[in-house]
Structures are given as structure tokens and as C-alpha cells.
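Worksheet: the structure to be examined is printed underneath.
The values are calculated or read from the model by the stated rules, or taken from the named source; none is laboratory data. These figures come from a predicted structure and were not determined experimentally. Reconstructed Cβ throughout: ideal geometry from the backbone, glycine too, with neighbour counts over all protein chains shown. Surface accessibility is based on the protein's heavy atoms, side chains included, excluding ligands, DNA and RNA. Shrake-Rupley method; radii C 1.70, N 1.55, O 1.52, S 1.80 Å.
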Amino acid sequence: MTSRRLFLRGIGLASGIGLAGCLESGGGDSGGGDGDGSGGDGGDGGDGGDGGTTMGETETAGSDSQHFAVSMKSMGQAGLFVQGQAAKWYTQDMDDVEITILDAEFDATKQTQDARNVINRGVDGILLNPYDAEASVQIVEAATEENIPVMNFDTATLSEDILIGALFGQYRGGRVAAERFTQMMEDQGMDSAKVITSVFNFESTTSQQRLFGFTENVPDSVEVVARIESDGTPEDSAPKTQSALQANPDVDAIYSNNVGSGMGALTALEQFGEYYPKDEEGHVMAFGIDGGPELSTSHSTCTRR
């Protein structure tokens, strides 16, 4: 029978690969729970490629098999989709392993209920990509009562019962964004800057950490003139960003804490008539902590006149 320890290690490596689009990866030095990531990450999940298990369904195996549940904060953004599918891809040739992928759809209540359902049905382990660091404690507690091990990946649960994690430092990522923004200011000879921040589902601890990592580490001369809160999709964040631009036409930068908000910032600049190639006078720096194919194929920085 396949070793659970080797399986968890393999999934840990696979989830690390899935973080390649993020600004900075490493140990989780703060609470997590998304939104994509990384978290509220909007976008197309893409094609699973190999058929197999769909979200909420189970690949069946022999009666002597091991059954693992992968609980994702969402499968609706490309980077998260890859992380969720990694378990299935890794075990596709293992006849004695069953995989159930659960899609929480950026809903802490749904993630908790779906996890309780698979716990009640009986699983050998849960790979947990929590939407919220605090809310997901309920999942860990329920699993622990049944002696079911839980592993975190991408983001963290605030629980000492988590056995192992392959995590992305949410606050650390925001801090790195602040450090790079500060360097850009110095390179351009800017003594001060006005910034719009765009965040997803701010009840999520991940969203908070990604924002505070940035705002608490920029120079005092940086003024946050507006904070936009959305569901993390371009469709919701773009009009709100456009309104913020209308109220603050002299803004110097837009910081977004997930892929969808980043796309919304670019869309808003374009709709506002201020989307131009960089390196021109009046440059607006549009940047963020998260990455993905949708954002990577667009211009990562914009300018305005």
C-alpha cells in the first residue's frame, strides 16, 4: 500500500510548484486562508487535462485503498486549480489511492460543511487549502476528533493540530511588494506617492495579511487614498477601481492583493482612458502580490497621462 507519508510529501512538493505565480514563497509567517492567493482569485480554472475526478467527486479504488480529501478554497482560478488537481495527477497511477477534490468557492461555511461531510464518510487524511485561517479551525477540530491528519498548503489554519504545511507567507508577500515599490519610488526619484489598494473579501485573514504586509512596510510618505473591497473578480473590482480613480485622478499606483483585483485595476485604467505603455510621463504603477496566466498575459504595469 502506498505510504501516506510519501504521499503527503509528494503533494507538498506539488503545491509548492503551484505557488510559482506568487510574488514570494516560503514559510507561512502569518495566518492564511485566501482568496489566490493567493486568495478571491478570479479567472478561468482551465482544463483538468486527464479527466478523472471532478470537484466534489471521488476517484474510486479497491476496498483496501486509502482515501484523501483535498479541500480547496476555490478551483476557479488557474493557480488554485493546478494546486487542487496536483493530488489527482500525482496519484493517477496509484490503484490503492482515492482522491476527493472539494471546491469551497471562496466560502468558509461551504468549505467547513463539505469537509465535515467527507470526515463523516471516513477519510485517511485531508489536504486543506483554507479560505480563512480562523474558520478552518473547525475542520481541523472535527478531523482531529476522528484521528484524521490534516495538512495545510498555500495558506495556514490557526491550529496546533496541523501536522505539516507547505505554505506561502501572506504578510511576507505583501512586505516584499512594499519593498519593491519603495525601490521603484527611489529609482524614479519620488519623495511621496498616492496609492489605491484593491483587496478581495476582507473578512478573509489572508486578504488582511496581504494588505497589511504592504501598507505597514511602505514609507510614511506613501498615502493610501482609497481601499477597494470586492469579491476578488475583475468584474466586481474594475468599476470600484474606476470610481476610486475618478475621485483620485493624481494617484501614482494601484496595489492589488489577488489576480482578479489586479485584472480589475488594469481594466479600470483602460476604461478610464489612462492605460498606456510604461516609461511615459505620469506612470501609474499597477502591481500586486499574486500572479496567474490571465494577469501575466496582460501588461503588469500601466501609465496614465
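For region 74-172, report the accessible area per residue in Å² (1.4 Å probe, heavy atoms, rounded to an integer).
Working: 3840 Å² over 99 residues.
Using a 1.4 Å probe on heavy atoms only, each residue of region 74-172 averages 39 Å².
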For region 71-155, what does the alpha-carbon gyration tensor say about shape, rounded, prolate or oblate, given a ≥ b ≥ c as the root eigenvalues, a/c under 1.5 as rounded, and a/b over b/c as prolate? oblate
Ordered by packing density, taken as the mean number of other Cβ atoms within 10 Å over each peptide's residues, highest first, how do 215-224, 258-267, 196-205, 93-102 rank? 258-267, 196-205, 93-102, 215-224
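Arrange the peptides 165-178, 104-117 so that the one whose residues have, on average, the most other Cβ atoms within 10 Å appears first. Walk me through the numbers on the way to the answer.
Details: 165-178: 24.9, 104-117: 19.4.
Those peptides, ordered most packed to least, come out 165-178, 104-117.
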Kindly identify region 191-255 as rounded, prolate or oblate by the Cα gyration tensor criterion: order the square roots of the eigenvalues as a ≥ b ≥ c, call it rounded if a/c is under 1.5, otherwise compare a/b with b/c, prolate if a/b is larger, else oblate. oblate
Please give the charge dipole size of region 200-253, origin at the Cα centre, charges +1 on K and R Cβ atoms and -1 on D and E Cβ atoms. Round to the nearest 20 debye. 60 debye
Checking rank on 226-233, 145-152, with mean other Cβ inside 10 Å and highest first, the result is 226-233, 145-152
With the cut-off at 1.5 for a/c, could you classify region 88-224 from its C-alpha gyration tensor as rounded, prolate or oblate? prolate
Within region 177-283, what whole-number % of the accessible surface is contributed by carbon and sulfur, with the 1.4 Å probe and all protein chains included in the calculation? 43 percent
